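Engineer: Could you have a look at this structure, given as structure tokens, before my questions?
The values are calculated or read from the model by the stated rules, or taken from the named source; none is laboratory data. For clarity, every value in this text was computed on a predicted model and none was experimentally measured. Reconstructed Cβ throughout: ideal geometry from the backbone, glycine too, with neighbour counts over all protein chains shown. Side chains are part of the model used for accessible areas, which takes the heavy atoms of the whole protein and leaves out ligands, DNA and RNA. Shrake-Rupley method; radii C 1.70, N 1.55, O 1.52, S 1.80 Å.
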Amino acid sequence: MTALPILPSLLAVAVAALISALITWTSHPLLQRYALARPNARSSHTIPTPQGAGIAVILATLVVALGWAAWGLVTIPAALVLATIVIALVGFVDDLVSLPLFTRLLLQTACVGAVVFTAPGDARIVPALPLALERCVIVLGGVWFVNLVNFMDGLDLMTVAEVVPVTAALGLLGWWGDLPSSAALLATALCGALLGFAPFNKPVAKVFLGDVGSLPIGLLLGWCLLELAWSGQIAAALLLPAYYLVDSTITLFRRIARREQFWLAHRSHFYQRATDNGFTVPRVVGEIFALNLGLAGLAILTVRAGSTTVTLLALLAGVIAVAVILRRFSRPQAS
């Protein structure tokens, strides 16, 4: 596996950040006029705020990644690019006029399926399984991952606090040759694009990503993590998004057990309950950011150590760290 050179990675971060910030800034008046998210009982914001700045993040990521691909540094799968554009369009329409659940899921499944089923046949996680079965399971998990990134994008800077540490870690692994250069370059571009968006999304946010941003971010990040798993680093691929995976999955099953309409917007996630329990938004995203830095460190450790014992201990440490945060968020703050 070829290591990704450091200079193109750093340039990808800088250029993507600049493009993302510029598009977010220039598009803000338009979003303010046509894409206003008004507060409701399930919202975490209290004043009408424009949404849809995810367009800037996705455009910056794709422009940088495809630019580097045009120079011959990496090869970005065409299916991934097309699926990202389609799923962003689905999110854009859903931001303006809510789409039926079945339509959203059908289009999301088609996008994820196009990426997964066009991957090389030797890209395997569990070779003992039939290839078609493994790919179907990955598609199911991919659709869930795309949606959980959307579900977890419910506080100012929340997606930045999650995705920036994950993509930075993926970039580091690419520099060391532990991740395919295409995935590493795309991860660093996404990292930069979110850093460019961050100043506009810090509390109190001037603009939100919207579904047009969170859904394709989920697709791109999911593909990078899948490439990591295909490289034999399954533990690292699970540790990096562990907080998002655990919070969203536990919340989903709890809502199903309570026979709630789990597909509707709600305020049941642990990070949302934290704000109801007295945590400020900066404190919630700050603790999640710190947790993700720790999880990123553990993920890198499992890859670089190459030891089963170290991997098991890192997984245990990751589970404990996530459990501690969830418990803290679910308990009222002492006055």
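Engineer: Can you give the local net charge around Ile217? Use residues other than it whose beta-carbon is closer than 12 angstrom to its beta-carbon, Lys and Arg +1, Asp and Glu -1. Can you show the working numbers first?
Structural biologist: Values: positive: none; negative: Asp153, Glu162, Asp211.
Net charge around Ile217: -3.
Engineer: Can you give me the accessible area per residue for the chain, using a 1.4 Å probe, in Å²?
Structural biologist: On a per-residue basis, the chain sits at 44 Å².
Engineer: Helix hunt in the chain: which complete DSSP H runs extend at least 27 Å axially by C-alpha with mean Kyte-Doolittle at least 0.0?
Structural biologist: Span-like helices here: 6-34, 78-96, 131-151, 181-201, 211-230, 281-305, 308-329.
Engineer: In the chain, if the dipole is taken from +1 on Lys/Arg beta carbons and -1 on Asp/Glu beta carbons about the Cα centre, which of Gly306, Ile138, Gly171 is farthest to the positive end?
Structural biologist: The residue sitting farthest along the positive end of the dipole is Ile138.
Engineer: Related question: Toward the positive end of the charge dipole of the chain, about the Cα centre and with charges on Cβ (Lys, Arg +1; Asp, Glu -1), which of Tyr34, Cys111, Val284 goes farthest?
Structural biologist: Positive-most Cα among the choices belongs to Val284.
Engineer: Next question. May I ask for the percentage of alpha-carbon pairs in region 88-168 that lie more than 16 Å from each other?
Structural biologist: The proportion of pairs with Cα distances above 16 Å equals 62 percent.
Engineer: Ok, one more. Sequence-distant or interchain residues sharing an amide H contact under 5 Å with Phe208, placed H: which?
Structural biologist: Gln51, Gly52, Ala53
Engineer: Across the chain, where is the longest run that never hits trypsin sites (Lys or Arg not before Pro) in a DSSP loop with at most 14 other C-beta atoms within 10 Å?
Structural biologist: 43-257
Engineer: Only helical DSSP H runs with n ≥ 4 go in: add -39500 (n - 2.57) per run for the chain, normalise by residue count and round the 222 nm mean residue ellipticity to 500 deg cm²/dmol.
Structural biologist: It comes out at -24000 deg cm²/dmol, rounded to the nearest 500.
Engineer: A further question on this structure: Note down the Stokes-Einstein diffusion coefficient of region 158-282 in µm²/s, whole number, using a Kirkwood radius over alpha carbon pairs, 10 °C, and 1.306 mPa s.
Structural biologist: Result for D is 100 µm²/s.
Engineer: Something else now. Nothing charged except the Cβ atoms of Lys and Arg (+1) and of Asp and Glu (-1): what's the magnitude of the dipole of the chain about its Cα centre? Round to the nearest 20 debye.
Structural biologist: Numbers: 19 positive and 14 negative charges, 177 e Å.
In total the dipole reaches around 840 debye.
Engineer: Carbon and sulfur: what percent of region 240-335's accessible surface (1.4 Å probe)?
Structural biologist: Carbon and sulfur together cover 64 percent of it.
Engineer: Ranked highest first by average number of other Cβ atoms within 10 Å, how do 17-24, 4-11, 306-313 line up?
Structural biologist: Going by the mean number of other Cβ atoms within 10 Å, highest first, we get 17-24, 4-11, 306-313.
Engineer: Between Ala70 and Ile6, how many nm apart are label points set 7 Å from Cα along the C-beta direction?
Structural biologist: Using points 7 Å along Cα→Cβ, the separation is 2.8 nm.
Engineer: Next up: Mind putting together the pair-distance distribution for region 30-129? All Cα pairs, 5 Å bins, whole percent per bin, short to long.
Structural biologist: For region 30-129, the binned pair fractions read 2, 10, 14, 16, 17, 14, 11, 7, 5, 2, 0 percent.
Engineer: To continue, here is another question. Starting from the coordinates of the alpha-carbon atoms of the chain, obtain the Kirkwood hydrodynamic radius over all distinct pairs and give the value in Å to one decimal.
Structural biologist: Value: 20.0 Å, from the Cα pair sum.
Engineer: If you place +1 on the Cβ of every Lys and Arg, -1 on the Cβ of every Asp and Glu, and leave all else neutral, what size is the dipole of region 73-163 about its Cα centre, to the nearest 20 Debye?
Structural biologist: Taking the Cα centre of region 73-163 as origin, the dipole is about 340 debye.
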